[in-house]
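Q: Structure in structure tokens, see below.
The values are calculated or read from the model by the stated rules, or taken from the named source; none is laboratory data. As the structure is a prediction and not an experimental result, all values here were calculated from the model. No Cβ is skipped: glycine too gets one built from the backbone with ideal geometry, and neighbour counts run over all protein chains shown. The accessibility values were calculated without ligands, DNA or RNA, using every heavy atom of the protein model including side chains. Shrake-Rupley method; radii C 1.70, N 1.55, O 1.52, S 1.80 Å.
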Amino acid sequence: MSRDGKKLVGFIIGREKEMPDTVMSILNSRHEDIQAEIVKLGGTFLDEPVPYDVIIDRMSHEIPYYRAYVKYAALNGCYVINNPFVWATDTKFFAGALMRKLGVLTPRTAVLPNKDVDTETVPDSFRNLTYPMDWQAIVDYIGSPAIFKDVRSGGRRFAHRVNNVEELIQRYDESGTRTMILQQVIESNHQYHCVVIGRQKTLLIPYSLEAGRYYETSLDEGVSRRMTEVALQIADIYGYDINMTEFLLQGEDVYLINATNPSPLIGLNLMTETQFNWICEEIAALAALRTRNPVPLPMSVRLSSS
């Protein structure tokens, strides 16, 4: 897979510009054997060649056709960052349950039935559901206030703070076909996000909810090490080459509030220039490494019967 003798690295992106442009510039200016570009798609044939050695996927979680393509690309030998077979099934609820099994402190969480579904159904389709739902029992378990948010991994889709049953039902009625979770609020002004690149390199950065951006500060070495070790463990478990794990520090307790975000927001409007440059440099180095030293990408199907 090459063009004019060069290895190809492709980006699948949405409105994002700063990080992809910076990473592509690094790759194109420093590596004579690599061509980095935006992937262009217009429908994909079943026997169509995949020209890319590496695809950095930043958008397939939003566009179903892109998700279909990156799975096809992976099947045909392209290394996709991040693994689409894992990412497609990644949810905040499963991640929370997994972290509990591993002994990591996480907020109380409940996953809720869908308000609506986007398939044709009849009343008997829902015989497994208890009706009416015991909303008060759910709120009593989670506590209030609570965060009502999309179960899918990454970002803060459709996230709202709710203070009582009435507010929860109102937001639930607005949720449409989304699968939602309700999560305990851990009161703390000390939030930290750990970016992991290549399952080895880490950047622990403090985040201000009030300012809506990252800043620079020091953190106790022991606490920093605990957060970093958990973030590395998560990246290794999921096989994510790019991931952001979110923590809250409450006294001496470290709470994991979001285990996986395979497409974290990266930009100078959110972080310092030093933080932004570190992330871009590491992503570029990872992409270059994967073009020259490809490794098998685990898939959710087996290609042989042995």
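Q: Take the residues of region 262-297 that are within 13 Å of Val80 (Cβ to Cβ) and touching a helix residue (DSSP H, G or I) at 6+ places or on another chain (Cβ under 7 Å): which is surrounded by the most Cβ atoms within 10 Å (Cβ to Cβ)?
A: Top of the filtered list is Ala287.
Q: While we're on this one: Give me a count of the residues in region 129-150 that are closer than 22 Å to Thr91 by Cβ and among the hydroxyl-bearing types (Ser, Thr, Tyr).
A: 2
Q: Only one residue in Ser29, Ser25 is outside any loop (DSSP other than H, G, I, E, B), small (Gly, Ala, Ser) and farther than 23 Å from Asn243 by Cα. Which one? Before you say what the answer is, go through the steps one by one.
A: Working: Ser25 fails: farther than 23 Å from Asn243 by Cα.
Of Ser29, Ser25, the one residue that is outside any loop (DSSP other than H, G, I, E, B), small (Gly, Ala, Ser) and farther than 23 Å from Asn243 by Cα is Ser29.
Q: Tyr255 is checked against (1) farther than 30 Å from Arg290 by Cα; (2) hydroxyl-bearing (Ser, Thr, Tyr); (3) open to solvent by less than 70 Å² (accessible area, probe 1.4 Å); (4) without any contact (Cβ under 8 Å) to a residue 60 or more places away in the chain and fails just one. What number does that condition carry?
A: For Tyr255, the failing item is (4).
Q: Continuing with the same structure: Which of (1) at pLDDT 95 or above; (2) part of a loop (DSSP other than H, G, I, E, B) is the odd one out, the single condition Tyr192 does not satisfy?
A: Failing condition for Tyr192: (2).
Q: Condition check: of a type outside the set (Asp, Glu) and under 14 Å from the mean Cα position of the chain (by Cα). Does Asn163 satisfy that?
A: No, not satisfied.
Q: Residues being in a loop (DSSP other than H, G, I, E, B), closer than 30 Å to Phe247 by Cβ and not charged (D, E, K, R): count how many of those fall in region 128-156.
A: Selection size over region 128-156: 7.
Q: I'm trying to understand the selection: among the residues of region 226-251, which are free of Cβ contacts under 8 Å to residues at least 12 places away in the same chain and more than 30 Å from Tyr79 (Cα to Cα)?
A: Gly251
Q: Modelled with pLDDT of 95 or more, hydroxyl-bearing (Ser, Thr, Tyr), farther than 22 Å from Gly198 by Cα and surrounded by 12 or more Cβ atoms within 10 Å (Cβ to Cβ): does that describe Tyr79?
A: No; evaluated as a whole, the condition is false for this residue.
Q: Run Ala74 past the list (1) without any contact (Cβ under 8 Å) to a residue 40 or more places away in the chain; (2) buried (at least 16 other Cβ atoms within 10 Å of the Cβ) and report the number of the one that doesn't hold.
A: So the condition that Ala74 fails would be (1).
Residue by residue, here is whether (1) exposed (fewer than 13 other Cβ atoms within 10 Å of the Cβ); (2) under 18 Å from the mean Cα position of the chain (by Cα) holds:
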{"site": "Val151", "(1), (2)": "no, yes"}
{"site": "Gln184", "(1), (2)": "no, no"}
{"site": "Val196", "(1), (2)": "no, yes"}
{"site": "Thr202", "(1), (2)": "no, yes"}
{"site": "Ile205", "(1), (2)": "no, yes"}
{"site": "Leu209", "(1), (2)": "yes, no"}
{"site": "Glu216", "(1), (2)": "yes, no"}
{"site": "Leu219", "(1), (2)": "no, no"}
{"site": "Gly222", "(1), (2)": "yes, no"}
